[in-house]
Amino acid sequence: MGTQRWSKRLALGIHEIDREHEEIHRLIVLLQDALRTGSRDVVQRQIVQTVLSEVMQFAQRHFAYEERLMKKVSYPEYAEHKNEHKYFLQQIRGLKGRLQTGESSITSETMNALSNWVHHHVLGTDTKYVPYLFSSSAAMKDVQRDNGTARCGVRGQSRGIQVVNPGNRSR
């Protein structure tokens, strides 16, 4: 199975989070492209290490933002969700470590697994916290919605929730 494509069906309806999910996906595709087109030399390893570092840094910021929002609304599945984030970051750290030591190279199966993880996490795990965000006026002040409508549901089955008085998120 190849890399899954980004699609609008993955959108949660929260502009900033959707943009960040798409960016994580873009970085994984960039990493796959570097692996596919590069030779197995030092330059390729440096490119892959750089992209892996970007994925790590971006994902850390994104996960911290999501987790802050979940805490703000006392999301009941916060611990489980945070553990999924930790798992993803551990996978990236492990890849970086193995590449630095020359222990292994990144296989297409590994890259497909990362891509699939992102898609399953967004569709399965992230969609669960969205209704909690929209039921909290405090959290709503932190998010920017797309067209005033938020999407929530399970595994991509979504329904629109009209948002009143959209607020702006400041970082």
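Key figures
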{"read-out": "Selected residue (only one of Gln60, Gln91 is at pLDDT 90 or above and of a type in the set (S, T, N, Q))", "value": "Gln60"}
{"read-out": "Checking Thr50 against (1) in contact with an Asp or Glu (Cβ under 9 Å, 6 or more places away or on another chain); (2) under 21 Å from Arg26 (Cβ atoms), the condition it does not meet", "value": "(1)"}
{"read-out": "Residues being in contact (Cβ under 8 Å) with a residue 12 or more places away in the chain and more than 18 Å from the chain's Cα centre (by Cα) - total across the stretch 43-73", "value": "6"}
{"read-out": "The listed residue being assigned to a helix (DSSP H, G or I) and either more than 14 Å from the chain's Cα centre (by Cα) or of a type in the set (Lys, Arg) (or both), out of Glu80, Glu23", "value": "Glu80"}
{"read-out": "Any hit, the stretch 115-123, residues being surrounded by 13 or more Cβ atoms within 10 Å (Cβ to Cβ), in a helix (DSSP H, G or I) and in contact with a strand residue (DSSP E or B) (Cβ under 9 Å, 6 or more places away or on another chain)", "value": "yes"}
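The values are calculated or read from the model by the stated rules, or taken from the named source; none is laboratory data. Remember, predicted model here, so these are calculated numbers, not experimental data. Don't worry about glycine lacking a Cβ; one is built from the backbone with ideal geometry, like all the others, and counts go over all protein chains shown.
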